[in-house]
Amino acid sequence: MQVEDFVDDVQKLIDLESSSFNEGSLNWTSYGSLEQINEFLVEQNKKHPNITELFSIGKSHEGRDLLVLKISRGGAPKKTIWLDANIHAREWITSAVA
């Protein structure tokens, strides 16, 4: 069986990917850290206080807040859409599209 190495230094790739977490802004081309995702939710709540509400629905197994950003104009009850993201381990794409 012939074996071919595609990556010479896997640790270098891991370090490079991890460094993107420290850039400080959430983007749609890489996986954001929990801190970046939560900062994004807080930022949206501050930018749109008339239509958003940010609250915790509990704690994770690790004791971290499970944040929800509710978007609503209020008024009479209407049909609701529920979007959730990052529910399962390594489920990176959901935070980018939710």
| field | Verdict on Leu66 being in a helix (DSSP H, G or I), at pLDDT below 95, in contact with a strand residue (DSSP E or B) (Cβ under 6 Å, 6 or more places away or on another chain) and of a type outside the set (S, T, N, Q) | value | no
| task | Could you grab me the full set of residues in the range 10-39 that are at pLDDT 80 or above, out of contact with any strand residue (DSSP E or B) (no Cβ under 9 Å at 6 or more places or on another chain) and surrounded by 10 or more Cβ atoms within 10 Å (Cβ to Cβ)? | result | Val10, Lys12, Leu13, Ser33, Leu34, Glu35, Gln36, Glu39
| Between residues in the range 71-90 that are more than 17 Å from Asn50 (Cα to Cα) and residues that are among the hydrophobic types (A, V, I, L, M, F, W, C), which pairs lie under 6 Å by C-beta distance while being six or more apart or on different chains? | Leu83/Ala98; Ala85/Ala98
| task | Would you check if there is a residue in the range 82-93 being modelled with pLDDT of 85 or more and out of contact with any helix residue (DSSP H, G or I) (no Cβ under 8 Å at 6 or more places or on another chain)? | result | yes
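The values are calculated or read from the model by the stated rules, or taken from the named source; none is laboratory data. Model, not experiment: these values are computed from the prediction. All Cβ positions, even for glycine, are placed from backbone atoms using ideal geometry, and neighbour counts span all protein chains on display.
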